[in-house]
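Right, one structure below, let's go through it.
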Amino acid sequence: MVSTEGTCEDRFHGVRAALEQNLGTGEEVGASLVLDIDGERVIDLWGGHRDAARTTAWDEHTITNVWSTTKTVTALAALMLVDRGLLDVRAPVADYWPEFAANGKQDVRIRHLLSHTSGVSGLDQPAVIEDLYDADKAAARMAAQAPWWEPGTASGYHALNFGHLIGEVVRRITGKSLKQFVAEEIAGPLGADFQIGAAEPDWSRIADVIAPPPLDIDLAAAGTDSPAYRTFTGPVAAATDANTPGWRRAEIGGANGHGNARSVARILSVIARGGTVDGVRLLGQETIDLIFEEQAHGVDLVLGVPLRWGIGYGLPQADTLPWIPEGRICFWGGWGGSMIIMDLERRMTLSYMMNNMAAGIIGSVRSAAYTQAVYAALG
């Protein structure tokens, strides 16, 4: 058994045991896990290594690319503008970003962007990963495109471009890039070690991601005109792109956030704790309630599995993620298994970030085990 660093209340010994077992078997290479209950970190664990060769320890200050867990912070940025009266989720995107009305998108609403129902879930061809590294140019291309399905009728996961769409709205309203907004108005005030992209002085403490098995999605069967094919090829992303300088310097608000379980929990606990964290108010209750207004419920056109989307966050869906219980819970995670779950009834936030990516896009066997162990301990 490999031991972990940090703290864990005795009642959650099963969670620590699960993490240490996975580190011992090699299922985990390096990981961090935090459980915040009403502002108290009852679990704050980390362990393993930053690298596949296991030469450098994962320590308290290690960060990693958290993939689509980044979306939860990006959605928070948009909701903060809603809370300030600067953004209306029911208004057309074109009210804030006039160019977005092109090619039949004049009726696409802000809530459609936040619930992956806009019809714009990637770039038209030709597209390569480097096209996403210039956020302004990529957003302009998306604004000019026609939707790939009728907006508002179904979700189609905005895998890599969610942050480009929301980030452009943030920029149009505030004059700040998404990266700047997160740094100055979220991470900074909360003292959270999280950033969109990664500043070069921090590269030495990043745990490179370790690529997972190939995705179990038959794009050829879906057809080249399908939202799934167009999303996953517009552009194609390799997991190891996250370890490159170009990726780290970019602003990819749907996929290149860098942090650890502690910093992600610190930020997203604002939802479970009623909008305020240690005197820093980011949201009001009415804005938090918006999250739970269901926007889509059915088979996602890109991921091919049943999903429920509120405004900005996933909602419990037993068919797909049976280990997330019903209730006033919102969540999302990242490619390879990172996960952030906000349970408002318990004022609880569970955060898990790691470098060894598992199969699949939404959760993993490991994130399921940790979540189940947490809820088993709570009774």
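No value in this document is a laboratory result; all are computed from the given coordinates. Predicted, not measured: the structure shown is a model, and the values here were computed from it. Heads up, the Cβs are rebuilt from the backbone with ideal geometry, glycines too, and the neighbour counts pull from every protein chain shown.
Listed values for segment 123-133 are Karplus-derived 3J(HN,Hα) couplings in whole Hz (6.51 cos²θ - 1.76 cosθ + 1.60, θ = phi - 60°), namely 9, 4, 6, x, 8, 10, 4, 5, 4, 7, 6, and x replaces Gly and Pro.
Can you sort HIS158, HIS13 from fewest to most other Cβ atoms within 10 Å of each residue's own Cβ?
Sorted ascending by nearby Cβ count, the order is HIS13, HIS158.
On full extension, the segment bounded by ALA144 and ALA220 gains 24.7 nm, given 0.36 nm per residue less the C-alpha separation. Using θ = phi - 60° in the Karplus curve 6.51 cos²θ - 1.76 cosθ + 1.60, the 3J(HN,Hα) couplings for segment 206-214 round to 7, 8, 4, 6, 10, 4, x, x, x Hz; x is entered for Gly and Pro. Round to a whole angstrom and tell me the spacing of the C-alpha centers of segment 191-270 and segment 332-379. Value for the Cα centre distance between the two parts: 17 Å.
Where does helix 70-83 land angle-wise versus the long Cα axis of the chain, in degrees 0 to 90, nearest 10? That works out to roughly 60 degrees. Ranked for footprinting exposure by Cβ neighbours inside 10 Å, fewest first, ARG230, ARG205 give ARG205, ARG230. Sorting LYS176, LYS137, LYS105 from the fewest to the most surrounding beta carbons within 10 angstrom yields LYS137, LYS176, LYS105.
The string of couplings for segment 332-337 from the Karplus curve (6.51, -1.76, 1.60, θ = phi - 60°) is 5, x, x, 3, x, x Hz, one whole number per residue in order, with x for Gly and Pro.
Taking 7 Å steps out from each Cα toward its Cβ at ASP131 and GLU60 produces label points 4.5 nm apart. Between GLN180 and ALA368, the modelled label-to-label distance comes to 4.4 nm, taking each label 7 Å out from Cα in the direction of the beta carbon.
Between GLY197, GLY363, GLY304, the residue with the greatest mean-square fluctuation in the GNM of the chain (Cα pairs under 10 Å linked by springs) is GLY304. Over segment 5-378, Cα pairs under 8 Å with separation of 6+ residues give a relative contact order of 24 percent.
What is the sum of charges around LEU219, taking Lys and Arg as +1, Asp and Glu as -1, for the other residues whose C-beta is under 15 Å from the C-beta of LEU219? Spelling it out: positives minus negatives among the neighbours equals -3. Build a GNM of the chain with springs between Cα atoms under 10 Å apart, and of ASN355, ASN65, ASN22 the one that fluctuates most is ASN22. Taking the C-alpha atoms only, the angle from helix 365-378 to the longest principal axis of the chain is near 60 degrees. Segment 1-25 and segment 52-125 have their alpha-carbon centroids 34 Å apart. As I understand it, the dipole of segment 5-378 uses +1 on the Cβ of Lys and Arg and -1 on the Cβ of Asp and Glu, about the Cα centre. Which of GLY14, LEU79, LEU307 lies farthest toward its positive end? Towards the positive end, the residue furthest out is LEU79.
For THR7 and ALA211 in the same chain, what is the full-extension length gain: residue separation times 0.36 nm, less their Cα-Cα distance, in nm? Could you put the intermediate results ahead of the total?
On the way: separation 204, 0.36 × 204 = 73.44 nm, distance 2.90 nm.
So the extension gain works out to 70.5 nm.
GNM remark for the chain: springs join alpha carbons under 10 Å apart, and the peak mean-square fluctuation among GLN125, GLN317, GLN106 falls on GLN125.
Say R0 is 35 Å: what FRET efficiency, to the nearest 0.05, do GLU200 and ARG328 get from their beta-carbon distance?
Calculated value: 0.30.
Using only Cα atoms, tell me the angle between helix 261-272 and the longest principal axis of the chain; keep it within 0 to 90° and round to the nearest 10. Helix 261-272 sits roughly 60 degrees off the main axis of the chain. Remark: the THR25-VAL305 segment gains 97.8 nm on full extension, using 0.36 nm per residue and subtracting the alpha carbon distance.
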